[in-house]
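Note sheet for the following structure.
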Amino acid sequence: MSISTRLSSHPLTRRLAVLSASAALVALVSGCASVSAPATVADTIAKTPALSTLNGLIATAGLTDALKAAGPFTVYAPSNEAFKAVPAKTMEDLAKHPEKLKDVLTYHVVAGKANAASIKNSKVKSLQGAELELSKAGDFVTVESAAVTTADIEASNGVVHVIDTVLIPPAKK
């Protein structure tokens, strides 16, 4: 009998093999258990550095829980750069009037999930109540005057599209 045959049939060798297989299985299961569930649109916005201003305003307006709800939602999310282009006077007015802030933010949200590929030239109703005009030419998508700069950030309850402009809803009649 060769040395390798004797080692492979030795009880200690078999025990080590079983322990190694068990450890590999535990590592595999642990790895699977640590995979996080898909994030909601609120969580997706919160973990996207380019949307930190929007995330703070969503929290201020008390909309975080709403954007964690079942949805689905399509969020046209203004980037930090988009908010820098808003006049300071407008931002101060929104800070003083929470309902106006909520109107502006919900104007960027549509019920339903619309990936960029499914967007057609059309009007859709925002959660704020006013319509948004969507346009598409090839892969280029616009929402009102804003261009989608990053499309299709998937979330468990919808999709987020980063836009380059803060949209201001029309005055209510």
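A short reminder: the numbers here are calculations on the coordinates, not readings from a lab. Bear in mind that the values here come from a model prediction, so they are computed numbers and not experimental data. We place every Cβ from the backbone using ideal geometry, glycine too, and count neighbours over all the protein chains shown.
Quick notes on this structure:
- Eligible lysines near K89 by straight Cα distance, threshold 26 Å, same-chain separation 8 or greater: K100, K102, K172, K173
- Between A95 and I168, the distance separating the two model label sites (each 7 Å from Cα on the Cα→Cβ line) works out to 1.7 nm.
- Beta bridges per DSSP with both ends in region 66-173, % antiparallel, nearest 5: 75 percent
- Nearest-0.05 FRET efficiency for A111 and S145, computed from C-beta distance (R0 35 Å): 0.95
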